[in-house]
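The values are calculated or read from the model by the stated rules, or taken from the named source; none is laboratory data. Please read all numbers here as calculations on a predicted model, not as lab measurements. Don't worry about glycine lacking a Cβ; one is built from the backbone with ideal geometry, like all the others, and counts go over all protein chains shown.
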Amino acid sequence: MTGSEKETQTLLTVEEQVGVRKRRQVTGTVRASTFSHEREQAVEADLSTETLEVERVPIGRFVDGPIPDRQDGDTTVISVIEEVATVEVRLKLVEEVRITRRTASRKMTDQVMLRRQEVVIEQDPSLDNPVT
C-alpha cells in the first residue's frame, strides 16, 4: 500500500430508527352493578343516661369571703356571692364610768354653842285681889 492509500476514507452507511406510538382503542365495554341485601338481627347493648337536677337554695347570709366549689357525694355545690354595699349602725363601747358610794363613820369632838329657850310664868300680885 502506498502512502496515498493509507488515507482514511469515510463511507456512508444507513441507519435505521424505530418509533413506537400508542393509541387508545375501545375493544369492548363492561357494566358493574352492586346489590344490597337487608336482614334484621337482634342486638343487645347496655345504655346509660345521665340527667342533671339543678336546685337553687336561697341562703341570704353574710360571709367573710368567697366559698370554694365543693363536691358533696354526687352533688357539686357552687356558692354564688355578690358584693353588697351596706351602711351599718352599731354600738361601740367606748368607756365605762364607775361611781362607787362608800360610807364611813368616825367620832368627832368639837365645841358648839347651843341655845335653849325657857318660859317662866309669874302671876302679877296686883291682880290677886280684885276690886268689887
Flagged in the range 97-111 as at pLDDT 80 or above and either surrounded by 10 or more Cβ atoms within 10 Å (Cβ to Cβ) or not small (Gly, Ala, Ser) (or both), in numbering order, are 97, 98, 99, 100, 101, 102, 103, 106, 107, 109, 110, 111
When the range 61-74 is checked residue by residue, the ones that are loosely packed, with under 10 Cβ neighbours inside 10 Å and within 15 Å of the chain's Cα centre (by Cα) are 61, 62, 63, 64, 65, 66, 68, 69, 71
Would you check if there is a residue in the range 29-37 being within 30 Å of residue 75 (Cβ to Cβ), of a type in the set (Gly, Ala, Ser), under 60 Å from the mean Cα position of the chain (by Cα) and in a loop (DSSP other than H, G, I, E, B)?
no
Q. Taking residue 94, is it more than 52 Å from the chain's Cα centre (by Cα) and at pLDDT below 85?
A. no
Please verify whether residue 126 is of a type in the set (Ser, Thr, Tyr) and modelled with pLDDT under 85, treating the condition exactly as stated. yes
Take residue 77 and decide whether it is surrounded by fewer than 10 Cβ atoms within 10 Å (Cβ to Cβ) and of a type in the set (A, V, I, L, M). no
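For every residue, the table says whether it meets (1) of a type in the set (D, E, K, R); (2) closer than 30 Å to residue 84 by Cα; (3) touching a His at 6+ places or on another chain (Cβ under 7 Å).
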residue: 28; (1), (2), (3): no, no, no
residue: 43; (1), (2), (3): no, no, no
residue: 50; (1), (2), (3): yes, no, no
residue: 58; (1), (2), (3): no, yes, no
### Message
Please verify whether residue 49 is modelled with pLDDT under 80, in a loop (DSSP other than H, G, I, E, B) and loosely packed, with under 10 Cβ neighbours inside 10 Å, treating the condition exactly as stated.
### Response
no
